[in-house]
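Participant: The structure under discussion is supplied below as structure tokens; questions concerning it will follow.
None of the figures in this text is laboratory data; all of them are computed from the coordinates on show. Since this is a predicted model, take the numbers as computed values, not measurements. We place every Cβ from the backbone using ideal geometry, glycine too, and count neighbours over all the protein chains shown.
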């Protein structure tokens, strides 16, 4: 199923939908977040995504922090999470510069907040993938959903597929490995193909936590129609996701590479117009290896193959052995059909 977000359609026969994930690399600074929006727009991505955290709705205060945070996650979010008012400001700025604003709600309460300011779709993080209670409540809001599948087994993904499918909400999955950053042996991007086979009626994408572009490009070649990549304005800046984020130069390279890969993904084999001129000089024709007098019967020693390809195709050489020429051929020239006596 295709899903529409703003003026973009995400589908199997649509261009790859590219999401720049701002995460919390702005540290709650609105000016930094706005600059990320502007630079993301200039890079050519379709959307920039933020995160809406309501720590008390999302977690217990003493939750164990993940390795990419230098302080307890609860405390970090209390200090640096964007407020709903700030999200509304950023959403308006996205509309002003012409880029789709997306946001991940980390609780049902956060989803209701975002729904209230007119968000167009929800991007659901991997941590909520198995929380069917929250997912079904969010789905009931009626907006399209993009769900990441990190940390999940195939059976768990199947269960969530059924749970969301039964709500009637349009949705898609992104392949994901929730490591920060992941080791390449864990990436298993071939799983994109398995997901496409398992869930043929929905779009499959890839949410990438590697610090470079390689697996994103490979995922597009495998058919991923959504690419999500963490971004940071400057890699020398601090940030909880700094180690998995690309800078704006790399983001522009990501967009350029994806669009070129898309253009190259055709499966027809034909001689293209731009190849025809090259074909004329690059292919081989039958040529003479010595002077040949009129009336001579051609032998293997008298003929060979060389460029250009404007003469008799080289593959026909065996059929001319034993034929008689009706004119003089200088050595190292193209053999011609009109210089051969008819049988």
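Participant: Any chance you could give the angle, 0 to 90 degrees and rounded to 10, that helix 248-263 forms with the longest Cα principal axis of the chain?
Facilitator: Roughly 50 degrees, rounded to the nearest 10.
Participant: Can you list the equivalent-ellipsoid semi-axes of segment 63-177, largest first and in whole Å, using the square root of 5 times each Cα gyration tensor eigenvalue? Don't skip to the end; give the middle numbers.
Facilitator: On the way: eigenvalues 109, 85, 31 Å².
With the √(5λ) rule applied to segment 63-177, the semi-axes are 23, 21, 12 Å.
Participant: Which one of 258, 189, 286 has the biggest mean-square fluctuation once the chain is modelled by GNM with Cα springs under 10 Å?
Facilitator: For the chain, modelled as a Gaussian network with Cα springs under 10 Å, the answer is 286.
Participant: Express in nm, to one decimal, how much length is gained between residue 299 and residue 256 on full extension, taking 0.36 nm for each residue of separation and deducting their alpha carbon distance.
Facilitator: Working: separation 43, 0.36 × 43 = 15.48 nm, distance 5.53 nm.
In short, 9.9 nm is gained.
Participant: Mean separation of Cα pairs under 8 Å and 6+ residues apart, divided by the residue count of segment 303-343: what relative contact order is that in percent? Working shown, then result.
Facilitator: Working: 24 pairs, mean separation 16.5, N = 41.
Computed over segment 303-343, the figure is 40 percent.
Participant: Related question: Just to confirm the number: angle between the C-alpha axis of helix 154-165 and the first principal axis of the chain, 0 to 90 degrees, nearest 10?
Facilitator: 70 degrees
Participant: So what is the diffusion coefficient of the chain in µm² per second by Stokes-Einstein at 20 °C and 1.002 mPa s, using a Kirkwood Rh over Cα pairs? Walk me through the intermediate numbers first.
Facilitator: On the way: Rh = 23.4 Å.
Value of D from the Cα-based Kirkwood radius: 91 µm²/s.
Participant: For helix 273-282, what angle does its Cα long axis make with the longest principal axis of the chain, in degrees from 0 to 90 and rounded to 10?
Facilitator: Relative to the chain, helix 273-282 is tipped by roughly 40 degrees.
Participant: Another one. Kirkwood hydrodynamic radius of segment 146-223 from all distinct Cα pairs, in Å?
Facilitator: For segment 146-223, the Kirkwood estimate is 12.9 Å.
Participant: Return one quarter of the surface area of the convex hull spanned by the alpha-carbon atoms of segment 1-106, equal to its mean projected area, in nm². Numbers along the way, then the final one.
Facilitator: Numbers: hull surface 31.3 nm².
Directional mean of the projected Cα hull area for segment 1-106 stands at 7.8 nm².
Participant: Relative contact order, percent, of segment 24-87 when contacts are C-alpha pairs under 8 Å separated by at least 6 residues? Don't skip to the end; give the middle numbers.
Facilitator: Details: 48 pairs, mean separation 23.8, N = 64.
In percent, rounded to a whole number, it is 37.
Participant: Using the beta-carbon distance between residue 185 and residue 263 and R0 = 41 Å, what value does 1/(1 + (r/R0)^6) give for FRET efficiency, to the nearest 0.05? If you can, show how the numbers build up before the last one.
Facilitator: Working: r = 31 Å, r/R0 = 0.75.
Once the sixth-power term is evaluated, E becomes 0.85.
Participant: Same structure again: Determine the shape class of segment 273-339: with a ≥ b ≥ c the square roots of the Cα gyration tensor eigenvalues, call it rounded for a/c under 1.5, and otherwise prolate if a/b is greater than b/c, oblate otherwise. Let's see the in-between values first.
Facilitator: Details: a/c = 2.41, a/b = 2.19, b/c = 1.10.
It comes out prolate by the Cα gyration axes.
Participant: Have a look at 105, 308, 181 and tell me which one the Gaussian network model of the chain (Cα, springs below 10 Å) gives the largest fluctuation.
Facilitator: 308
Participant: Shifting gears a bit: How much of the DSSP beta bridge set in the chain is antiparallel, as a percent to the nearest 5? Walk me through the numbers before you get to the answer.
Facilitator: Working: 12 of 42 bridges.
The antiparallel proportion sits near 30 percent.
Participant: Just the Kirkwood number for segment 217-308, please: inverse of mean 1/r across all distinct Cα pairs, in Å, one decimal. Could you put the intermediate results ahead of the total?
Facilitator: Details: mean 1/r = 0.0530 Å⁻¹.
Kirkwood hydrodynamic radius for segment 217-308: 18.9 Å.
Participant: Then there is this: Hey, what number do you get for the chain at 222 nm if only DSSP H runs of n ≥ 4 count, each worth -39500 (n - 2.57), divided across all residues, to the nearest 500? Before the final figure, lay out each step's value.
Facilitator: Working: 11 runs with 111 residues, N = 343.
It comes out at -9500 deg cm²/dmol, rounded to the nearest 500.
Participant: With an 8 Å Cα cut-off and a minimum separation of 6 or more residues, compute the relative contact order for the chain in percent.
Facilitator: Numbers: 649 pairs, mean separation 51.7, N = 343.
After rounding, I find 15 percent.
Participant: A follow-up question, please. Once each part is reduced to its C-alpha centroid, what is the distance from segment 101-148 to segment 1-49 in angstrom?
Facilitator: First find each Cα centre; the distance between them is then 16 Å.
Participant: When the chain is modelled as a GNM with alpha-carbon springs shorter than 10 Å, which of 266, 295, 118 fluctuates the most?
Facilitator: Comparing 266, 295, 118 in a Gaussian network model of the chain, the most mobile one is 295.
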